[in-house]
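Notes for the one structure printed next.
Read the figures in this text as sums done on the coordinates, not as results from a lab. Keep in mind that what you see is a predicted model, and the values were worked out from it rather than measured. Heads up, the Cβs are rebuilt from the backbone with ideal geometry, glycines too, and the neighbour counts pull from every protein chain shown.
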Amino acid sequence: MTVIDDEVRITVADVPPTMAERITLILDQFDGAGTRLTAEDLVQLTRIPRSTTHRILDQLTQLNWLRHNRLGYRLGWRAIALGRTNERDELRAAAAPHLHQLHLHTRMIAHLAVLDGRDVVWLDKIGGRCADTIATRVGGRSRADLTTEGRAMLSLLPPEHVDVLYSDILSPESLRELHRRISVIRTRFGRTWETDSQGVSSMSAALRTGEADHVQPSCISLRGRVHSNQLQRTMPLLAATVRKVSERVSDH
């Protein structure tokens, strides 16, 4: 028995019977973050009917398992994030002693974070008894565009990638303002600082980790109630810490 789908002949026995198997077969064709395939490529590789392939691709794109543009499909942030657990463990291990030193030298609360889609994920937090005064928690998430850490990491991304992440939840005016703030951070090489209305100051420095086609924006930051003069004195220390962590990660 055969099924004819847009002139592509596919033997029913060759096609996985369940939707979960078909989704898995499609995702298996992407062997890395840099792999780009068209819908027609995937029809030929998987032998799944064309109409079914397009339906699955649309759903995977909507759910951020895949990304799509005029050149084809690539792995989305959800799929990439699944492979990053080991990377994050290595990053946390490499950064931990440096976070402790930052806290000891500044008495501010030191954080390690990564960018996961449109969110910041907090990997570590060092602050001793003062840690509870800052409402962040290891494993927690915050919208990246609403935090200094997130904006520092977004400055490492191309502007069009930022558009993909936020154009559906921000107004055009808010998106323009986000781009304006990020562009300033880019001129500072991924470093930023500010004090909020409650008097809590934060300073962040972004770094890149991962392979060339699998870059993970990361960030080390300090938060606390300090005078603005202390922020200016502390930024070189934070920048030096980021360099040390980056070197240590690259050595592994």
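One quarter of the surface of the convex hull around the alpha-carbon atoms of the chain equals 15.7 nm², the direction-averaged projected area. Taking the Cα centre of the chain as origin and assigning +1 to Lys and Arg Cβ atoms and -1 to Asp and Glu Cβ atoms, the resulting dipole is close to 1220 debye.
Based on the convex hull around the alpha carbon atoms, the range 141-252 presents an average projected area of 7.9 nm².
Once the Cα-Cα distance is subtracted from the 0.36 nm per residue extended length, the Arg208 to Gln230 segment shows a gain of 5.3 nm.
Percent relative contact order of the chain, based on C-alpha pairs within less than 8 angstrom and at least six residues apart? Mind showing how you got there, number by number?
Details: 371 pairs, mean separation 36.7, N = 252.
Relative CO of the chain lands at 15 percent.
Please give the helix 85-106 orientation as an angle from the longest Cα principal axis of the chain, in degrees from 0 to 90, rounded to the nearest 10. Helix 85-106 and the main axis of the chain meet at about 10 degrees.
Each part gets one Cα centre, and for the range 113-176 versus the range 29-53 those centres are 32 Å apart. Charge dipole of the range 115-205 (Cα centre as origin; +1 on each Lys and Arg Cβ, -1 on each Asp and Glu Cβ, all else neutral): 280 debye, rounded to the nearest 20.
How many percent of Cα pairs in the range 63-142 exceed 17 Å? The partial results should precede the final answer.
On the way: 1741 of 3160 pairs.
For the range 63-142, the share of Cα pairs beyond 17 Å comes to 55 percent.
Distance between the modelled labels on Ser197 and Ala20, one decimal in nanometres: 4.8 nm (7 Å Cα→Cβ projection).
To the nearest ten degrees, helix 50-62 and the longest principal axis of the Cα atoms of the chain are 10 degrees apart.
To the nearest ten degrees, helix 172-187 and the longest principal axis of the Cα atoms of the chain are 60 degrees apart.
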